[in-house]
1. Among 109, 90, which comes first, then next, by fewest other beta-carbon atoms within 10 Å?
2. Place a point 7 Å from Cα of residue 63 in the direction of its Cβ. Which residues in the range 166-206 have their backbone N less than 13 Å from it?
3. Kindly identify the range 109-158 as rounded, prolate or oblate by the Cα gyration tensor criterion: order the square roots of the eigenvalues as a ≥ b ≥ c, call it rounded if a/c is under 1.5, otherwise compare a/b with b/c, prolate if a/b is larger, else oblate.
Amino acid sequence: MSSPAPTSSLLPLATPLLQFGGSSYDVLLGRRDATTASIDDADDTIPNPFMDLPELLANFQAQGLSLRDLVVLSGAHTLGYSRCVFYRDRLYNETGSLDPTYAAALDERCPPAGDDEALASLDDTPTTVDTDYYQGITQGRALLHTDQQLYLGDGGDSDALVQYYAESPDKFWADFGAAMLKLGGLSPLTGQDGEVREDCRVVNQG
């Protein structure tokens, strides 16, 4: 069995998501990682699923990221699921921006009072990397409030970006890789701060 890959190399690493139908993008290794973690610090930095577009954009801009970064990184929701507790408010209080058929299907899964853990997919193809996420947003099929906020139907810059990625899978993947590389370079630890991990998944032992 081979040992875990060290993070000390500065060579670009091709990160494949081919098993999910996607392409690949380069990431840089060698970033120093913290030796401790704080869920409170993370909660203060990571956007929550109830933010409006201005709040989302301000959150990203505070990290040196742009509206384009916000829209393209949100495309990570091409994969995965969310719990009822995070989409219930949208389901029952934002009916004007929800496709009725989609809302009815969600209602069966997530009643007004009930199981907070009930899962629903973030787009119609939750195990495939594609642009269905963006297409769904333009059709009122966004699961989360924050996702629908990217497409308000007012012809704004965010609307235009959502439409652009919905129609241009190749552009989405190229821009997603670039934004991930940019995201990975935020607030790097330098000098003696943190550590270069022997195994990216865990703090160095000993």
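Rule-based calculations on the coordinates, nothing more; no lab input. Please read all numbers here as calculations on a predicted model, not as lab measurements. In this analysis, Cβ positions are derived from the backbone assuming ideal geometry, glycine residues included, and neighbour counts consider all displayed protein chains.
1. On the way: 109 14, 90 23.
By the 10 Å Cβ count, ascending, the order reads 109, 90.
2. 179-188
3. Details: a/c = 3.17, a/b = 1.49, b/c = 2.13.
Here the range 109-158 falls in the oblate category.
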